[in-house]
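Just below is one structure, and these are the notes that go with it.
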Amino acid sequence: MRTLRTVATAALVLSILTGSALDSAAAPEGQMNWGIHISLAPTWFDPAETTGIVTPFMVMYALHDAMVKPLPGNPLAPGLAESWTVSPDGRAYDFVLRKGARFHNGDPVTADDVKFSFERYRGAANKTFKERVAALETSGATRVRFRLKEPWPDFLTFYSSATGAGWIVPKKYVETVGDEGFKKAPIGAGPYRFVSFTPGVELVLEATDQYWRKSPHVKRLVFKAIPDASTRFAALKRGEIDVSYWMTASLGEELRRTPGLTLKPAIANNSYWVYFVDQWDPKSPWHDRRVRLAANYAIDRQAINQAETLGFSRMTYSMIPSHFEFFWQPPAIPFDRAKAKQLLAEAGYPNGFDAGDFTCDAVHAGIAEPVANDLQAAGIRVKLRALERAAYNKGQVEKKFKNLVLSASAAFGNAPTRLEAFVAGGGAYVYGSYPDIDGLFREQGAELDRKRREATLHRIQQLVHDKAMFAPIWQLAAMGGYGPRVEESGLGLITGFPFSGPYEDVKLRAK
């Protein structure tokens, strides 16, 4: 017995020592620096204000956590909700919260926080939620039920990733500090906690020791605002940053030639298209489908792809990403300048026409400029108008633009979420719509039979193509890069996500 006790005691001591060594080895270490292409906005610290773009998720994946969210290999992975069920009639979603999940101040994540977060949500699609959700009910600290007015097959997609409605904030803390106080000192349930924010300069975050998925590898994350691509690249070469977003083709080529640096293109949710916003105006040249077709034939997509993203972007000929659920593959649109000129002549413009402003986000001018040049060469004379992002987004939401707009979306979702925002009548960015498409969109929205719904959604996308509502450009390969200290940059781990993530997976090389 004494021998057995001695062996057991020795095994226990060894286990404790080994465990301590493992714990020590697993402790977050070091600092990793990102060079980002825009200035961070405090509104991105609050999931309640999430707009229909992907940029806020760059921060939210670190600071906050969601009930369900895209993770590597799974577009609808369990997060703060460890499981969920859907009623047979599609009118109720029941979620069970993960035990042990906590906010950065130590408070547990409860059903009340989930309810509070949903009810204060005022970001993208908040009107859709209000129209379709009848009630949100809680049962104890860990159970939440959403009751819907009608079946809504896309509820989980909207709740998990296409919006910020399912990203949870602490009710007691927000009520104490208020909305503005929360943006100044946000507390979330993500793998990293807020340390400091200097507007226009940097955001500093630090690893938590209580994240449910895994302990982060890196102790401190620093996001540095460096809007100019050449300056970001120089900072990467000097080792001032470890990861850079949004590299241009010429810099990407130089990056590939630079010892120690790695180019990491990642096919993203970002799709780009030219929107003919005046196509519903009978007095506009864009009312004529032949003119819209001419613009499609005028664009040399492959040449722009090679020049801007080294050929890594994907030609989908759609404004919907090819990896989205219910995607329909349109026929290829060839570059044919002669055909474009022929169509313009048939439409009554043998010498082309003055097409007015072609508005774009200044960040995307590298894509808009060659498109404008191709249109000019075919006789569609446009004047490029590049706006700072805030002004561009405001104009898009208020539908203030005329003639042509370079539209883009990098939001998570599926084909219906993209169609709802940009095609169907009443959508957030819809200037006009077609009755046949609107009717089919309403029909698919309540269809629970997957095959019938898929057929309807494919028909909608075919109509969008046949009507030449847009001139699709491509699905972007986000041109990121990283330096020699990085073992795992996080770029490309989450399908369609153009940034690093999940942040608990990023890793520095061992010294």
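Over 29 Å apart at the Cα level, from the set LYS69/LYS400; LYS184/LYS511; LYS339/LYS451; LYS237/LYS511; LYS183/LYS394; LYS264/LYS399, are LYS69/LYS400; LYS184/LYS511; LYS339/LYS451; LYS264/LYS399. Using the average count of surrounding beta-carbon atoms within 10 Å as a protection proxy, the listed peptides 416-422, 69-75, 320-326 rank, highest first, as 416-422, 320-326, 69-75. When the alpha carbon gyration tensor of the chain is reduced to an equivalent ellipsoid, the three semi-axes, largest first, read 43, 29, 20 Å.
Taking one quarter of the surface of the C-alpha convex hull of the stretch 269-475 gives a mean projected area of 10.7 nm².
Placing unit charges on the Cβ atoms only, positive for Lys and Arg and negative for Asp and Glu, gives the stretch 206-355 a dipole magnitude near 420 debye about its Cα centre. The H on the amide N of THR316, modeled in the peptide plane, is under 5 Å from the matching H of GLN475, each at least 5 residues off or on a different chain. Each of GLU240 and GLN306 was given a label point 7 Å from its Cα along the Cα-to-Cβ line. The distance between the two points is 3.5 nm. Projected over every direction and averaged, the convex hull enclosing the alpha-carbon atoms of the stretch 199-349 yields 14.4 nm².
FRET efficiency for VAL177 and ARG337, Cβ-Cβ distance as r, R0 = 56 Å, nearest 0.05? Computed FRET efficiency for VAL177 and ARG337: 0.45. The string of couplings for the stretch 301-315 from the Karplus curve (6.51, -1.76, 1.60, θ = phi - 60°) is 4, 5, 5, 5, 4, 5, 6, 9, 9, 6, x, 7, 5, 9, 7 Hz, one whole number per residue in order, with x for Gly and Pro. Relative to the current alpha-carbon distance between THR85 and SER215, full extension at 0.36 nm per residue lengthens the span by 44.0 nm. Using 17 Å as the cut-off for backbone N distance, which residues of the stretch 112-156 belong to the label zone defined by a point 7 Å from the Cα of LYS99 along Cα→Cβ? So the set is 139-144. Under the combined filter of DSSP loop state and at most 16 neighbouring Cβ atoms within 10 Å, the stretch 187-258 retains these GluC sites (Glu not before Pro): GLU240.
Treating r as the C-beta distance of ARG509 and VAL201 and R0 as 22 Å, the FRET efficiency rounds to 0.25.
Over all projection directions, the Cα-based convex hull of the stretch 128-243 averages an area of 10.7 nm².
Each principal axis of the Cα cloud of the stretch 236-298 was evaluated for its coordinate range; sorted largest first, these ranges are 57, 19, 18 Å.
Judged by the mean number of other Cβ atoms found within 10 Å, the most tightly packed of the peptides 153-161, 218-226 leads the ranking 153-161, 218-226. Amide H contacts for SER409 (H built 1.01 Å from N in the peptide plane; partners 5 or more residues away or on another chain; cut-off under 5 Å): SER271. Along the axis of the charge dipole computed for the chain (Cβ charges of +1 for Lys and Arg, -1 for Asp and Glu, origin at the Cα centre), the listed residues PRO216, TYR121, VAL133 are led at the positive end by PRO216.
Taking Cβ atoms as reference points and 14 Å as the exclusive limit, the residues near ALA408 contribute a net charge of 0, counting Lys and Arg as +1 and Asp and Glu as -1.
If you rank LEU263, LEU508 by fewest surrounding Cβ atoms within 10 Å, what's the result?
LEU508, LEU263
Over the chain, dividing the summed -39,500 (n - 2.57) contributions of all DSSP H runs of at least 4 residues by the number of residues returns a 222 nm mean residue ellipticity of -10000 deg cm²/dmol.
No lab work stands behind these numbers, since they all come straight from the coordinates. Everything numeric here is computed off the predicted structure, so don't read it as measured data. All Cβ positions, even for glycine, are placed from backbone atoms using ideal geometry, and neighbour counts span all protein chains on display.
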